[in-house]
1. Using beta carbons and a limit of 7 Å, which pairs, at least six apart or on different chains, have the first residue in region B:37-65 and at negative phi and at the interface with chain A (Cβ under 9 Å from one of its Cβ atoms) and the second one in a helix (DSSP H, G or I) and surrounded by fewer than 20 Cβ atoms within 10 Å (Cβ to Cβ)?
2. Is it the case that region B:131-143 has a residue that's open to solvent by 10 Å² or more (accessible area, probe 1.4 Å), more than 9 Å from every other protein chain (Cβ to nearest Cβ), of a type in the set (A, V, I, L, M) and farther than 19 Å from residue B:223 by Cα?
3. Pairs needed: first member in region A:88-103, within 17 Å of residue A:29 (Cα to Cα); second member anywhere, in a helix (DSSP H, G or I) and open to solvent by 40 Å² or more (accessible area, probe 1.4 Å); C-beta distance under 9 Å; at least 6 residues apart or different chains.
4. Does region B:202-218 contain at least one residue that is within 14 Å of chain A (Cβ to nearest Cβ) and touching a residue at least 12 places away in the same chain (Cβ under 8 Å)?
5. Return the only residue of B:127, B:159 being away from chain A (no Cβ under 12 Å) and either within 30 Å of residue A:96 (Cβ to Cβ) or crowded, with 19+ Cβ neighbours inside 10 Å (or both).
6. Give the residue, chosen from B:347, B:314, that is assigned to a helix (DSSP H, G or I), in contact (Cβ under 8 Å) with a residue 40 or more places away in the chain, open to solvent by less than 30 Å² (accessible area, probe 1.4 Å) and farther than 24 Å from residue B:110 by Cα.
7. Of B:138, B:198, which residue is in a helix (DSSP H, G or I) and not assigned by the TED database to the domain that holds residue B:291?
8. Inside region B:263-290, can you point out the residues that are open to solvent by less than 10 Å² (accessible area, probe 1.4 Å) and either touching a Phe, Trp or Tyr at 6+ places or on another chain (Cβ under 8 Å) or part of a loop (DSSP other than H, G, I, E, B) (or both)?
Amino acid sequence: MASPLKCDLCPKTATVHLTQIVNNKIHKVDLCEACAQAKGVTDPSGFSLSDLLLKASLNPEAATDAMRCEHCGFTQNDFKKHGRFGCPHCYETFNSMVEPMLDNMHKGTNHTGKVPQKALDRKSLHDRLSALEGNLDQAIKAERYEDAARFRDEINQVKQAVGQKLTR
Amino acid sequence: MTIASLIASPSELTDTASSKCAIVLMTRIRLARNLAGNPFPGWAREAQRETVFEACRDALGASAQMKKGLNVAVSELSDLEKQILVERHLISRELSGAKAGAGVFISKDQTLSVMINEEDHLRIQVLRAGFQLKKTWNAINELDSALEEALDYAFSPTLGYLTACPTNLGTGMRASAMMHLPALVISNQMEKVVRAVNQLGMVVRGLFGEGSDASGSIFQISNQTTLGESEEEIIKRLGSVLNSIVEHEQNARAKLMESDAAKIFDKIGRAYGILQHSHMLSSGEAMNLLSLLRLGIDLGLFPDDSRSVIDRLFIEAQPGHVQQTSKTDLESNQRDSLRAERLRAEFAAFAKPNFTINSHN
């Protein structure tokens, strides 16, 4: 037999094994006696596996309130309070928390639908432009004027390709 | 276009020819979209919401679809105007209580509406009378692509369109149909239907969305999940669920007519009498009576072309629409009396039910 399962929440050996079907998907949780008590697993009326999965997904050490979105200042506690995120970037910041939630919430975890192609093209052209502008600055500073002329021409080409669509 | 002229104009729901599919009243699709680099409305400061509002307003103002439409900030709308827009399904209740920087664009024909700074930066919506999932999707897809010309949407290759609430990730799409299901209600089968529909990953709600009741036997059925399937797949799945509900409703009607035609005729006949002669009608009661008349039309007791009258009255019997026809502020019982008066006038000239025909519906 394989080595005994460890508790999902602490390093002790798991003695409570739970299986619950949420949205047609099987979820398993293994807990030690103490954690099972603490999470109210022994009280069937007040227990939801999805809540537990949300919490279990967070490594206890990493799950301090230090997790904060650098773009908008949103914290993990704010999500618990509002159930909504602060800004689009939060999905990167809180990725470890979002991923296990999606399993219960959606049919799949990967987007297969429409893609805003025009906006993405615009963004990649924009990124290319800022890179070239950086190169141009450096070339001028280093007095590499032949390179600078080449970068300037490329910048003009990209700008033409973008036409009037580049608004920012 | 001003809000006053929009309210006075015919809308998609109040003035369409009787739809071919009697059971599906309306099809609606909404897309949740956000602008990259900007905090979501619920977390943004007022100045940030204003910035987003202006960017969205410029993009919408430039779109062909919104030419000659209404463009208004929520703060400029009176409570009554907001209520009327909610009753026409053009804005949500959430938007009507929204803070600074919230607004709405509505197309001239009232089939397109875009809410700005509701839960997400943009909530794009298209609605059409009848069962029209494909047409509705094409229209909203086109508007969304037009807006993408000017707006940088927040998007992740794996999670799709990024939304304030993770339940809307992926396509950001909620497709729904408003269905009239009186026979399933009368024969106590709705609970069973709701359970079956839930198991198929769809949600059933009342007429005005989450938490609203199902007066008039009208229900909204929509997709529950938004990530992991393409828009077309979601729409196809919803379509097949809707078709099967239509079939169940038709079977329930046939069964009721077989086993208990007298009971059904009695309900419809009484509803007709009350609509012609009552002097006090709450909106809930009016909805239920109108629902029975609509069933009567589907069963062939009334001429087919009267269905559009009922569909218009479903909206005009709502509190905001009744209030709007009066110059003074009404108490609820005064409104009930005015509602009854308006319905008496409408039904004075309505065709009499013909109970002699043998319906095969």
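1. Close Cβ pairs satisfying both conditions: B:38/B:48; B:39/B:48; B:42/A:82.
2. Residues of region B:131-143 that are open to solvent by 10 Å² or more (accessible area, probe 1.4 Å), as a first pass: B:131-135, B:137-139, B:141-142.
When the remaining residues are screened for being more than 9 Å from every other protein chain (Cβ to nearest Cβ), the result is B:131-135, B:137-139, B:142.
Next, from what is left, pick out any that are of a type in the set (A, V, I, L, M): B:133, B:139.
Checking which are farther than 19 Å from residue B:223 by Cα leaves us with none.
So far as region B:131-143 goes, no, none of its residues is open to solvent by 10 Å² or more (accessible area, probe 1.4 Å), more than 9 Å from every other protein chain (Cβ to nearest Cβ), of a type in the set (A, V, I, L, M) and farther than 19 Å from residue B:223 by Cα.
3. If the second residue must be in a helix (DSSP H, G or I) and open to solvent by 40 Å² or more (accessible area, probe 1.4 Å), the pairs left are A:97/A:54; A:100/A:54; A:101/A:50; A:101/A:54.
4. We begin by selecting, within region B:202-218, every residue within 14 Å of chain A (Cβ to nearest Cβ); these are B:202-203, B:210.
After this cut, where a residue has to be touching a residue at least 12 places away in the same chain (Cβ under 8 Å) as well, the list is B:202-203.
Taking every residue of region B:202-218 in turn, at least one turns out to be within 14 Å of chain A (Cβ to nearest Cβ) and touching a residue at least 12 places away in the same chain (Cβ under 8 Å).
5. Details: B:159 fails: away from chain A (no Cβ under 12 Å).
On inspection, the qualifying residue turns out to be B:127.
6. On the way: B:314 fails: farther than 24 Å from residue B:110 by Cα.
Selected residue: B:347, the only one of B:347, B:314 that is assigned to a helix (DSSP H, G or I), in contact (Cβ under 8 Å) with a residue 40 or more places away in the chain, open to solvent by less than 30 Å² (accessible area, probe 1.4 Å) and farther than 24 Å from residue B:110 by Cα.
7. Numbers: B:198 fails: not assigned by the TED database to the domain that holds residue B:291.
Answer to the check: B:138.
8. Within region B:263-290, the subset open to solvent by less than 10 Å² (accessible area, probe 1.4 Å) is B:264, B:268, B:271, B:275, B:281, B:286-287, B:290.
B:275, B:281, B:287, B:290 - these are the residues of region B:263-290 that are open to solvent by less than 10 Å² (accessible area, probe 1.4 Å) and either touching a Phe, Trp or Tyr at 6+ places or on another chain (Cβ under 8 Å) or part of a loop (DSSP other than H, G, I, E, B) (or both).
The values are calculated or read from the model by the stated rules, or taken from the named source; none is laboratory data. Since the model is a prediction, treat every value here as computed from it, not as a measurement. Glycine also receives a Cβ, built like all others from the backbone with ideal geometry; neighbour counts cover every protein chain displayed. Note: accessible area is taken over every heavy atom of the protein model, side chains too, but ligands, DNA and RNA are not part of it. Shrake-Rupley method; radii C 1.70, N 1.55, O 1.52, S 1.80 Å.
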